[in-house]
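Below is one structure, written out as structure tokens, with a few remarks after it.
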């Protein structure tokens, strides 16, 4: 039974806790024991809050025994992990950097505060590359985070620890962040659900609030759980001027509860015309598009899209911001020497970029991206496409990405595998990745579902319908080489 507890969805677990069939202490102990067994293989955690989580679980159990079930918050007693880029008051938050190895924030990020108020129990902080600036999850602080399906391959990034933990059966919920694919890429690599909400759907106070491209969001095993988290975290905040008004009670959980796709108009984009997609990934995504039409009744049309070069755009948009952040957070020469080698060339090029060129990219090019998607959405309700141009690849070392795809050389290894997730981010669109099958090597492939502006509910409804009609999400990684570690003392 303890092993099975860790594979329950958060929606199921919360219901069982409310009905007093499962104790928050049982659930937390099961998650901590699973973490101890598998984390030595995947290395998904910066900090594990064993004592604090057990203390919170005991308090949650006392509340369950005294409060009417209808008065319990929606995540009462449910274990969760939070990415180490997201501030958690009183809990070590390193941003993946040795420079912040002892940093403890005084305030919670607003969305974590909302999830905590909803009753979630924090198990630990998950790994991220330094300042979230790579598409793989490794740093000098924490080393390499591996994929549960094959520890020799990447978990993606920058929310790689979050996705690996969910896929490995640790906690059912993880809270990550995504600028150009940092939720969806690791979700695709690890075969789980990763949702980047619409621009402004979830408040993200701070410098990111003004760009609108970066946001925080859920990584889960089921679409219903992602919708549950979004219902809790969404809503306006005074310190995020782009945050949207409330969507309404349980809007996204309702969307995930059941919707027919009969007659929905879906644009199937095999690629964005900016580089190759591996044959194995392309075949699985095409099968998923055919399934939407043949089994779920959608009207699917294969199309092309006209977008600016995402690699050039990535450099021109993100790198000046990254260079500024690195100068602020890691300004000394000694500190910058610790950065991953893939960061340095882009940082140096960004510093030479003129203000006029940056304005052109931020305004004109970004408008071109938005218009490219608008052209498709004029006649379609949704877009489906691959999340990544390939599945999880072997740990790449200094290259920070794959050197080739099906024998075709990759010019920018550290960036190329984000070229399908980057564009919808900058159009402010909701986008979700979920598993649509496995390659012959046993690695999951990601299907990306993109919705029109602010229509997160449509993306969730389509993903939930696809997941309900398939079994890919119920597969479990073998983790045959898992070893006991991070000793868990039942009496602590």
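The values are calculated or read from the model by the stated rules, or taken from the named source; none is laboratory data. This is a predicted model, so every value here is computed, not measured. Counting neighbours? That spans all protein chains shown, and the Cβs are built from the backbone with ideal geometry, glycine included.
Which residue pairs have Cβ atoms closer than 6 Å, lie 6 or more positions apart in sequence or on different chains, and pair a first residue in segment 274-303 that is touching a residue at least 12 places away in the same chain (Cβ under 8 Å) with a second residue that is part of a helix (DSSP H, G or I)?
Close Cβ pairs (under 6 Å, with a partner that is part of a helix (DSSP H, G or I)) amount to 274/310; 296/465; 298/292; 300/289; 300/292; 300/293.
Provide a single number: the residues in segment 133-155 that are touching a strand residue (DSSP E or B) at 6+ places or on another chain (Cβ under 9 Å), farther than 16 Å from residue 45 by Cβ and crowded, with 24+ Cβ neighbours inside 10 Å.
Selection size over segment 133-155: 4.
Here are some conditions: (1) farther than 19 Å from residue 196 by Cα; (2) modelled with pLDDT of 95 or more. Residue 244 meets all but one. Which one does it not meet?
Among (1) farther than 19 Å from residue 196 by Cα; (2) modelled with pLDDT of 95 or more, residue 244 violates only (1).
Residue 248: surrounded by fewer than 17 Cβ atoms within 10 Å (Cβ to Cβ) and assigned to a loop (DSSP other than H, G, I, E, B), yes or no?
yes
As an exercise: evaluate residue 130 against (1) at pLDDT 95 or above; (2) touching a strand residue (DSSP E or B) at 6+ places or on another chain (Cβ under 6 Å) and give the number of the one condition it does not meet.
If we test residue 130 against (1) at pLDDT 95 or above; (2) touching a strand residue (DSSP E or B) at 6+ places or on another chain (Cβ under 6 Å), just (1) comes out false.
Quick one: would you say residue 197 is in contact with a strand residue (DSSP E or B) (Cβ under 9 Å, 6 or more places away or on another chain), in contact (Cβ under 8 Å) with a residue 60 or more places away in the chain and surrounded by fewer than 22 Cβ atoms within 10 Å (Cβ to Cβ)?
Here the answer is no, as residue 197 does not meet what is asked.
Regarding segment 400-422, can at least one residue be identified that is in contact with a strand residue (DSSP E or B) (Cβ under 9 Å, 6 or more places away or on another chain) and over 28 Å from residue 152 (Cα atoms)?
no
Please go through segment 3-19 and give me each residue that is over 17 Å from residue 29 (Cβ atoms) and touching a strand residue (DSSP E or B) at 6+ places or on another chain (Cβ under 9 Å), ordered by number.
Correct list: 9 only.
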